[in-house]
Amino acid sequence: MQMVIVFDGPDGCGKTTIAKELAHRLEIPYFKNVRQKMFFERDPGYFVRAMKYGDPYFGDYLKQTGASVILDRAYPSEWVYSQAFGRQTDERMLRLVDEMYADIGLKIVSPFRSDYSKVVDQFAAIDRQKLEAIHELYSQFCSWTRCDVLRFCVDDEDIEKQMNLIIPFVRSSSMLEFNESNFNKDVLESDVPVLVDFWASWCAPCRAMTPIIEKIAKDFEGRVKVGKVNIDENQALAERFSIMSIPTLMVFKDGNPISSNIGMLPEHKIKDMLDWAVAV
């Protein structure tokens, strides 16, 4: 399962410590732009340029590879800090970038405090009053974004409690995992059509398809079940349905396969398959 996670929020909330702990527990890479302090002070326009040219490139990389990553600050900071400091940004690009990451399934984790009076920010321009304004802007951003967001208070500094909140959130998915023990009940006996993605972790096209399948699962939630079968772990299922090449997408209805496709498919083609399955 691909996990793309952004930690973003006011300074002084321990997000870097929390993000690194999560990266360690989930065993996925952590990334922070170590030059952001320099650019914040000397060239704030850098963040607009990075969003315009860097984010689309990075988004394509995530879509094509299915890679997982934890980012310590990203485009939510541009949305918030451009308003907090009254500087120009590119609102259209912010929306496009947000929609791109929402399609990938990015999840935003935004810690906050109930009181910023004891927080000393690394930037002199950010005092308590400014931190409170930034806090409010992050609240507004969480209503604006199309991505799933988890906001939580870190006043208690309890890292275990924080992990217990974050891990289920980032692992939540509308997509199911099918295997040899649950396939008959969850697929063949399902009262709605089921899209099954036969895949393997070593298959690059399979990984590239993952964000699309995740989005399809959300879009068709309640109408169609969507799940994956790892053929290395469920060889009997692969043999049963004559899976010779992957990725293979197979749609089941009333206990029988009614359509299938070998290889990568664009999102609209998969939606056409499922719209037809629901209608027939």
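Quick rundown of the values:
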| read-out | value |
| --- | --- |
| Residue match in the range 121-128 (condition: basic (K, R) and open to solvent by less than 50 Å² (accessible area, probe 1.4 Å)) | no |
| Test: residue in the range 119-131 that is touching a strand residue (DSSP E or B) at 6+ places or on another chain (Cβ under 7 Å) and under 20 Å from A74 (Cβ atoms) | no |
| Failed condition for D232, given (1) in a helix (DSSP H, G or I); (2) farther than 27 Å from A102 by Cβ | (1) |
| Top-ranked residue in the range 131-177 [being among the acidic types (D, E) and under 25 Å from I104 (Cβ atoms); ranked as least open to solvent (accessible area, probe 1.4 Å)] | D148 |
| Given (1) open to solvent by less than 30 Å² (accessible area, probe 1.4 Å); (2) closer than 25 Å to V119 by Cα, number of the condition P44 does not satisfy | (1) |
| Scan of the range 13-35 for residues that are open to solvent by 40 Å² or more (accessible area, probe 1.4 Å) and more than 30 Å from S201 (Cα to Cα), ordered by number | V34, R35 |
| Any chance I108 is among the β-branched types (V, I, T), open to solvent by less than 70 Å² (accessible area, probe 1.4 Å) and under 18 Å from D148 (Cβ atoms) | yes |
| Residues located in the range 193-220, provided they are modelled with pLDDT of 95 or more and more than 14 Å from L265 (Cα to Cα) | P193, V194 |
| Listing of helices (runs of 4 or more DSSP H) fully contained in the range 11-120 that carry 1 or more residues being more than 23 Å from the chain's Cα centre (by Cα) | 36-42, 45-49, 75-84 |
| Among residues of the range 204-249, those that are open to solvent by 20 Å² or more (accessible area, probe 1.4 Å) and of a type in the set (A, V, I, L, M), counted | 7 |
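The values are calculated or read from the model by the stated rules, or taken from the named source; none is laboratory data. This is a predicted model, so every value here is computed, not measured. Here the Cβ is made from the backbone with ideal geometry for all residues, glycine too, and neighbour counts use every protein chain on show. Side chains are part of the model used for accessible areas, which takes the heavy atoms of the whole protein and leaves out ligands, DNA and RNA. Shrake-Rupley method; radii C 1.70, N 1.55, O 1.52, S 1.80 Å.
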